[in-house]
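Presented below is the structure to which this report refers.
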Amino acid sequence: MIWLEKFVLPDAEREWQIARKRREENGGAFGYLENGYPCGLFPERGLGELDFEPITILYGGNGSGKSTLLNLIAEKLRLKRQAPYNGGELFLPFAEACGVRFGLDDEGEPLPLPEESRIVSSDDVFEYMLAARTRNEQIEEDLEQGKEDYASLKFGETLPFRGIEDYDLYRKQVLARTKSLSRRKFLRRFAGRAVKLNSNGETALEFFASVLQNDRLYLLDEPENSLSPKMQLSVKELIEKKARYCGCQFVIATHSPFLLALKGAKIYDLDSAPVSLKKWWELENAQTYFRFFYENKDLFLK
């Protein structure tokens with residue numbers, strides 16, 4: 001599925017106009033710019049527009065602009081996001097100056113972008129794991145207090161009911177003394193159920209499995225973080241299935257050789273000048289892995 005067909009970046013002249021307007025806002029003829037980002041990143045690399053497939057990959061090292069592109073697309077499309085991003089004083093006007101073209105339906109009409117489309121960063125995964133651990137720690141504390149409350153309410157003196165101010169505690173005592181409600185069910189009801197956490201990689205994989213719903217556009221910023229090679233291959237398989245069978249489109253910023261090998265992916269090499277399309281096995285990261293294992297192939301072929 002192609003929800004987003006094209007994204008057009010401002011050219012050098014339009015960037016200059018954006019910067020000039022901001023300088024004037026900062027002080028007229030003697031105006032200044034505190035931060036010119038993201039102006040100057042893309043024209044010198046010959047990148048004016050991006051055309052998208054069901055899976056499109058932005059490949060490059062640090063500073064190549066792959067995350068910047070994702071954030072510009074997310075801002076332009078007003079996509080849902082959780083983690084904040086680092087912009088500058090020109091980021092929003094730059095995003096506004098970008099152009100988009102959406103995919104077409106069977107009758108040739110532009111497709112409306114699904115409302116729940118979103119950008120997912122590696123920070124989202126870390127925050128999910130941190131929130132789950134924090135929640136579990138709170139539940140552990142609540143469970144200890146709940147055990148004391150259960151014993152006191154079940155076997156202690158009957159509490160008086162004088163009015164609405166006593167209702168919540170009185171209700172808890174009634175429930176504690178209900179034969180059909182065991183202590184386990186009582187604690188689960190009032191303390192909550194802990195989130196099951198496995199290894200970081202397994203938890204990250206569970207996060208992606210729950211977040212990636214059908215018929216949506218997803219921007220993924222380095223989803224390989226926290227994932228072992230085996231888990232990266234599992235995410236690769238999940239993305240391929242979602243793109244092929246579930247109406248999802250993905251734009252992914254990554255330098256993981258495992259994700260670069262996503263079937264049918266269109267790959268922009270942002271490290272090349274000008275930016276060009278590459279096959280995954282032509283990219284430097286994949287070549288580096290290949291050379292390392294080839295040089296040590298005898299260790300694997302014993």
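Nothing in this text is a laboratory measurement; each read-out follows from the coordinates by a stated rule. As the structure is a prediction and not an experimental result, all values here were calculated from the model. Neighbour counts are summed over all protein chains in view; Cβ atoms, including those assigned to glycine, are modelled from backbone coordinates with ideal geometry.
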State, to one decimal in nm, how far the label point of Glu237 lies from the label point of Ala273, with both points 7 Å from Cα in the Cβ direction.
4.2
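For segment 1-92, which trypsin sites (Lys or Arg not before Pro) are both in a DSSP coil and crowded by at most 11 other Cβ atoms within 10 Å? It would help to have the intermediate numbers written out before the result.
On the way: sites: Lys6, Arg14, Arg20, Lys21, Arg22, Arg23, Arg45, Lys66, Lys76, Arg78, Lys80, Arg81; in loops: Arg78, Arg81.
Those satisfying the criteria are Arg78.
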Between Asp105 and Asn35, what is 0.36 nm times their sequence separation minus the Cα-Cα distance? Round to one decimal in nm.
21.1 nm
Provide the per-residue ³J(HN,Hα) series for segment 13-23, in order, calculated from phi with Karplus coefficients 6.51, -1.76, 1.60 and θ = phi - 60°, each as a whole number of Hz, with x at glycine and proline positions.
5, 5, 4, 4, 5, 4, 5, 5, 4, 5, 4
Would you mind checking the pairs Lys241/Lys263; Lys236/Lys266; Lys66/Lys263; Lys66/Lys278; Lys76/Lys279; Lys21/Lys80 and listing those with alpha carbons more than 22 angstrom apart?
Lys76/Lys279; Lys21/Lys80
Short version: ³J(HN,Hα) in whole Hz for each residue of segment 31-42, in order, from phi by Karplus 6.51 cos²θ - 1.76 cosθ + 1.60 (θ = phi - 60°), x for Gly and Pro, what are they?
x, 9, 10, 6, 8, x, 4, x, 4, x, 6, 9
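Filter the chymotrypsin sites (Phe, Trp or Tyr not before Pro) in segment 1-64 to those in DSSP coil with at most 15 other Cβ atoms within 10 Å of their Cβ, and list the result. Walk me through the intermediate numbers first.
Numbers: sites: Trp3, Phe7, Trp16, Phe30, Tyr32, Phe52, Tyr59; in loops: Trp3, Tyr32, Phe52.
Sparse-neighbourhood loop chymotrypsin sites (Phe, Trp or Tyr not before Pro): Tyr32.
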For segment 1-80, radius of gyration divided by Kirkwood radius, i.e. Rg to Rh on alpha-carbons:
1.03
